[in-house]
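In what follows, a structure is listed as structure tokens, so that the remarks can point back to it.
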Amino acid sequence: MGRRLCVGDIHGMYSKLTDVLDRCNFSSFDTLYCVGDLCDRGKENLKTLNFLMSLNNFHPVIGNHDVWLAEYLSYKMPETALHVWAYYNGGMNTFVEFLDMADEEKLKIYNWLKNIPYMIKLKDKIIMHTPTPKKIFDRTKEGYNLEEITLANITESGLLQDEIYDDQLWSRKVIACSKYINDKQKYKKFFEKQFNKNTPTIFCGHTPVFEPVYDENMNICLIDTGSFATKEKAGKDGHITVVDIDTFDYWQNGNKKKQNLLAKKI
């Protein structure tokens, strides 16, 4: 039986992705989950998408950058959103790569993207783009099921009309995690309000933390380690991280040494 692996935000960094998959000896026997944001910011977006689409054992959740790309490919992206995506959120690299692509190829990628769910809920783990579980899980009691909601059916699901779509689903409140690590007492009440200790461990990304973080008290594991970051712009080179969600072993591109998050608990 293969391993259950989860990769952080990829952002079109194909070379880093294949490097870290080599380092963790990823094979067809393993299952590879992803916390979303497959494209943008990097310069190998099409190569990345074609590679991921070729894997039968790859299961991502949708990230906000994937939503932008799907809207663009479907010719339904408003001009204002196109501007925000391309000029302020790293979408220009993706936009340029897709400019001369045939409509059939665009449709193929769009049809793949639109069926990616917002959440993957395993028996003992949850994969989602950003961790805002309390309000979202409260909504599931009211009829929402993020495991079944995709871009293909989001309109009829009613999620677009709900305040959680923007305020919670793409929330950056998790950015306080970095502060929580250094000042647990100050942020303790905030996290207890935001997160449900009784849920399975949530593996998520969205907000770069450079080093993966596992907090067993709040049951969250942050694995967006800034794949596109550079020393010139961020002070550090970013990495793509792959975590074994059962053992908490993890690997990063450019780093041959396997590490373990349980030894780094906060």
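The values are calculated or read from the model by the stated rules, or taken from the named source; none is laboratory data. The model shown is predicted, which means the values in this text are computed figures rather than measured ones. Positions of Cβ are generated from backbone atoms using ideal geometry, with glycine treated the same way; all protein chains shown enter the neighbour counts. Accessible surface areas use protein heavy atoms only, side chains included; no ligands, DNA or RNA. Shrake-Rupley method; radii C 1.70, N 1.55, O 1.52, S 1.80 Å.
Within region 79-105, the set of residues being within 26 Å of GLU148 (Cα to Cα) and open to solvent by 50 Å² or more (accessible area, probe 1.4 Å) comprises GLU105 only.
Among the residues of region 237-266, those identified as closer than 21 Å to GLY42 by Cβ and either among the aliphatic types (A, V, I, L, M) or at pLDDT 90 or above (or both) are HIS239, ILE240, THR241, VAL242, VAL243, TYR250, TRP251, GLN252, ASN253, GLY254. When TYR75, TYR87 are screened for being in a loop (DSSP other than H, G, I, E, B) and aromatic (Phe, Trp, Tyr), only TYR75 passes.
When region 237-266 is filtered for residues that are over 12 Å from PRO212 (Cβ atoms), part of a strand (DSSP E or B) and without any contact (Cβ under 8 Å) to a residue 40 or more places away in the chain, only LYS257 remains.
Within the option set PHE195, PHE191, being at pLDDT below 90, open to solvent by less than 20 Å² (accessible area, probe 1.4 Å) and more than 26 Å from LEU38 (Cβ to Cβ) holds for one residue only, PHE191. Candidates are the residues of region 3-50 that are within 17 Å of the chain's Cα centre (by Cα) and of a type in the set (Phe, Trp, Tyr); the one that is surrounded by the fewest Cβ atoms within 10 Å (Cβ to Cβ) is TYR14.
Within region 72-89, residues that are in contact (Cβ under 8 Å) with a residue 12 or more places away in the chain sit with their Cβ atoms under 7 Å from residues that are open to solvent by less than 30 Å² (accessible area, probe 1.4 Å) and outside any helix (DSSP H, G or I), at 6+ positions apart or across chains, in these pairs: ASN89/ASP40.
The set of residues in region 106-134 that are of a type in the set (D, E, K, R) and open to solvent by 60 Å² or more (accessible area, probe 1.4 Å) comprises LYS108, LYS121, LYS123, ASP124, LYS134. For LEU17, the conditions (1) touching a residue at least 24 places away in the same chain (Cβ under 8 Å); (2) part of a loop (DSSP other than H, G, I, E, B) all hold with the exception of (2). For region 40-52, filtering for residues that are in a loop (DSSP other than H, G, I, E, B) and farther than 17 Å from VAL20 by Cα leaves 3. Inspect region 57-71 for any residue being surrounded by fewer than 19 Cβ atoms within 10 Å (Cβ to Cβ), assigned to a loop (DSSP other than H, G, I, E, B) and in contact with a Ser or Thr (Cβ under 9 Å, 6 or more places away or on another chain) and give the result as yes or no. Within region 57-71, one or more residues are surrounded by fewer than 19 Cβ atoms within 10 Å (Cβ to Cβ), assigned to a loop (DSSP other than H, G, I, E, B) and in contact with a Ser or Thr (Cβ under 9 Å, 6 or more places away or on another chain).
For LEU99, the stated conditions hold: it is at pLDDT below 95 and aliphatic (A, V, I, L, M). Looking at region 223-236, is at least one residue at pLDDT 80 or above, part of a loop (DSSP other than H, G, I, E, B) and within 13 Å of THR130 (Cβ to Cβ)? So far as region 223-236 goes, yes, one or more of its residues are at pLDDT 80 or above, part of a loop (DSSP other than H, G, I, E, B) and within 13 Å of THR130 (Cβ to Cβ).
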